[in-house]
Amino acid sequence: MSEGFKAGDIGLRAQKKILSRMANKNVAKVFIDDTAASLLDNVYKLAKVYTGNKKEAEKLVKNIIKVVIKLGVLYRNGQFSRDELKQAERFKGRFHSAAMAVVSFYEVDFSYDRHYLLTALNESRAAMRQLVQQHLTDKSLARIDSVFGFFADPNFLDAVFRKDSEYREYLGRIVADMNRAMDEGGM
């Protein structure tokens, strides 16, 4: 065997590759609990109605699942350094702030602040990219950008958070799932 060859590295790459190709509900259940699955189902419904495009909504949710699975594989295999684990905590904090803002903007009339939410989402994206840039391919990084790009679209946010929004029912289901996930410690 040549220097630098590690079977563990090959195994990890194989896991990420196989799981990314099998990003469906059955594989996702290993990494994603029922609450998160419900949240993803409701995100799919909102994206489908908003875009009017079933394939685009499916791609969005598949990209979310692939990223979550890859993060899970990396974490469970101890691939993050001490500094990267600190970065993961920063990401978690920023993402939690964005999630809390979504809940607050839905539950409290006239509290929607596009600038705050865009900043929180863009900071979350940057923190996640910094966390995984040494571990994932450019294609996976593009998936992260695609997911955050969808949710950080000002037109999407304005349409969803308008008081008389046609998407309010879908947002309500998402917020209920987010509240449940936060109560369970999963978000």
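Quick notes
Results for (1) over 26 Å from residue 173 (Cα atoms); (2) at pLDDT 85 or above, shown as yes or no for each residue.
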site	(1), (2)
1	yes, no
7	yes, no
11	yes, no
19	yes, no
26	no, no
45	no, yes
50	no, yes
69	no, no
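- Residues (in a helix (DSSP H, G or I), buried (at least 18 other Cβ atoms within 10 Å of the Cβ) and aliphatic (A, V, I, L, M)) located in region 104-136: 117, 120, 121, 127, 128, 131, 132
- Checked across region 100-120, the condition of being within 20 Å of residue 60 (Cβ to Cβ) and of a type in the set (D, E, K, R) holds for no residue.
- Single residue of 83, 41 found to be at pLDDT 85 or above, of a type in the set (Asp, Glu) and open to solvent by less than 70 Å² (accessible area, probe 1.4 Å): 41
- Of the residues making up region 163-179, not a single one is among the hydroxyl-bearing types (Ser, Thr, Tyr), free of Cβ contacts under 8 Å to residues at least 24 places away in the same chain and open to solvent by 50 Å² or more (accessible area, probe 1.4 Å).
The values are calculated or read from the model by the stated rules, or taken from the named source; none is laboratory data. Keep in mind it's a predicted model, so treat the numbers as computed, not measured. Note that we place each Cβ from the backbone using ideal geometry, even for glycine, and neighbour counts take in every protein chain shown. Ligands, DNA and RNA are excluded from the accessible area calculation, which covers all protein heavy atoms including side chains. Shrake-Rupley method; radii C 1.70, N 1.55, O 1.52, S 1.80 Å.
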